Amino acid sequence: MILVINYDLRQPRRDYAKLIEAIKAFDSWCHPLESFWLVDTTRTTGETHSLLAKHVDENDGLFVHRAQKDAAWTGVSKECSDWINNSARRW
């Protein structure tokens, strides 16, 4: 299934490296906007959240939810648009 990952890393630490590394560890992902990722995974939203929550502080925001195929966008790279439009995706 396709999951949406949004985050807001707040002060004092704004170290995105470990969180981004954990997201990129998924087999298939797309990064259309600065704090917005899509991943294609067999993990549930809860499992994905637990995996990523290790890389944020308690004052940070992290939101994981299941994506729907019905979407519209602008300002996204062709690569991400192609990833989203790939008919093999498990929406």
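The values are calculated or read from the model by the stated rules, or taken from the named source; none is laboratory data. As the structure is a computational prediction, the values presented were derived from the model and not from experiment. Quick reminder, even Gly has a Cβ in these numbers, built from the backbone with ideal geometry, and neighbours come from all protein chains shown. Please note that ligands, DNA and RNA were not included when accessible areas were found on the heavy atoms of the full protein model with its side chains. Shrake-Rupley method; radii C 1.70, N 1.55, O 1.52, S 1.80 Å.
Quick notes on this one:
- Of all residues in the range 1-28, those being touching a residue at least 24 places away in the same chain (Cβ under 8 Å) and of a type in the set (A, V, I, L, M, F, W, C) number 9.
- Members of the range 32-41 found to be out of contact with any helix residue (DSSP H, G or I) (no Cβ under 8 Å at 6 or more places or on another chain), open to solvent by less than 60 Å² (accessible area, probe 1.4 Å) and outside any loop (DSSP other than H, G, I, E, B), listed by number: Phe36, Asp40
- Taken over the range 1-28, the criterion of being under 10 Å from the mean Cα position of the chain (by Cα) and open to solvent by 90 Å² or more (accessible area, probe 1.4 Å) is satisfied by Lys24 alone.
- Comparison of Glu58, Glu79 shows that the only residue that is over 15 Å from the mean Cα position of the chain (by Cα), loosely packed, with under 13 Cβ neighbours inside 10 Å and at pLDDT 95 or above is Glu79.
- The range 61-76, subset aliphatic (A, V, I, L, M) and more than 25 Å from Gly46 (Cβ to Cβ), residue surrounded by the fewest Cβ atoms within 10 Å (Cβ to Cβ): Ala72
- Residue list for the range 16-30, filter: aliphatic (A, V, I, L, M) and not in a helix (DSSP H, G or I): Ala25
- Filtered by the rule that a residue be touching a residue at least 40 places away in the same chain (Cβ under 8 Å) and either part of a helix (DSSP H, G or I) or more than 12 Å from Ile5 (Cα to Cα) (or both), the range 42-68 gives Thr42, Arg43, Thr45, Thr48, Leu52, Val56, Asp57, Asn59, Asp60.
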